[in-house]
Amino acid sequence: MPKKSFTEGNWKRNPWFRALCKALLSCKSEQEMAGFLRDIATLSELKSLSERLEMAKQLAAGRPQRDVAESIDASTTTVARVSLFLKSGTGYKNALNALHHHLPSRRKKMASMV
C-alpha cells in the first residue's frame with residue numbers, strides 16, 4: 001500500500017497525523033510530553049522544533065529576521081518560513097499566547113496585583 005503524501009489540502013485529515021495530535025494531547029505533564037517527544041523524534045528533530053519556537057518568540061517580540069537567524073544560527077529561509085506562518089497561521093500564535101499565560105513571572109505579577 002503506497003504512502004499518502006501530506007499536502008496543504010489533506011494533512012489535517014491524515015489518520016496518522018490525527019492520531020499523533022491525539023497522542024500529544026493525551027500527555028498530562030511537561031515531563032510526560034518530553035518523554036513522548038523523545039521517543040518519537042530524533043534529537044536533531046527536537047532541536048529543530050525547539051529552534052523554530054524560539055524563532056517565533058523572537059519574531060513576535062519584533063526582532064528583525066536577520067537578527068533572529070544569527071542568534072539561533074539558522075538559515076534566513078527557515079526564519080522567513082516561521083515568520084510567514086506566524087503572520088498567516090494560527091499555530092504559533094496560539095502556542096505563544098498559551099506560553100505567555102503560563103510564564104512564572106507573569107503568574108507572580110498577577111498574584112502580587114491581587
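The values are calculated or read from the model by the stated rules, or taken from the named source; none is laboratory data. Since the structure is predicted, the reported quantities are computational estimates derived from the model, not experimental observations. Neighbour counts are summed over all protein chains in view; Cβ atoms, including those assigned to glycine, are modelled from backbone coordinates with ideal geometry.
In the set (1) among the hydrophobic types (A, V, I, L, M, F, W, C); (2) within 15 Å of the chain's Cα centre (by Cα); (3) at pLDDT 95 or above, the condition left unmet by Ala69 is number (2). Examine region 39-50 for a residue that is touching a helix residue (DSSP H, G or I) at 6+ places or on another chain (Cβ under 7 Å) and closer than 21 Å to Leu99 by Cα, and state whether such a residue exists. Yes, region 39-50 has at least one match. The set of residues in region 1-51 being part of a loop (DSSP other than H, G, I, E, B) and surrounded by 11 or more Cβ atoms within 10 Å (Cβ to Cβ) consists of Lys4, Phe6, Asn10, Asn14, Cys27, Ala41.
Can you tell which of Thr76, Thr42 is of a type in the set (Val, Ile, Thr), more than 30 Å from Lys3 (Cα to Cα) and at pLDDT 95 or above? Don't jump to the end; show me each part of the working.
Values: Thr42 fails: more than 30 Å from Lys3 (Cα to Cα).
Every option except Thr76 fails the conditions.
Is it fair to say Ser105 is modelled with pLDDT of 95 or more and either part of a helix (DSSP H, G or I) or not small (Gly, Ala, Ser) (or both)? No: the conditions fail for Ser105.
Scanning region 52-61 for residues that are touching a helix residue (DSSP H, G or I) at 6+ places or on another chain (Cβ under 9 Å) and either surrounded by fewer than 12 Cβ atoms within 10 Å (Cβ to Cβ) or of a type outside the set (D, E, K, R) (or both) yields Leu53, Met55, Ala56, Gln58, Leu59, Ala60.
Of all residues in region 58-76, those that are at positive phi have Cβ atoms under 9 Å from Cβ atoms of residues that are in a helix (DSSP H, G or I), 6 or more apart or on another chain, in Asp73/Glu51. Answer with yes or no whether Val82 is closer than 16 Å to Ala95 by Cβ, at pLDDT 95 or above and out of contact with any strand residue (DSSP E or B) (no Cβ under 9 Å at 6 or more places or on another chain). The answer is yes for Val82.
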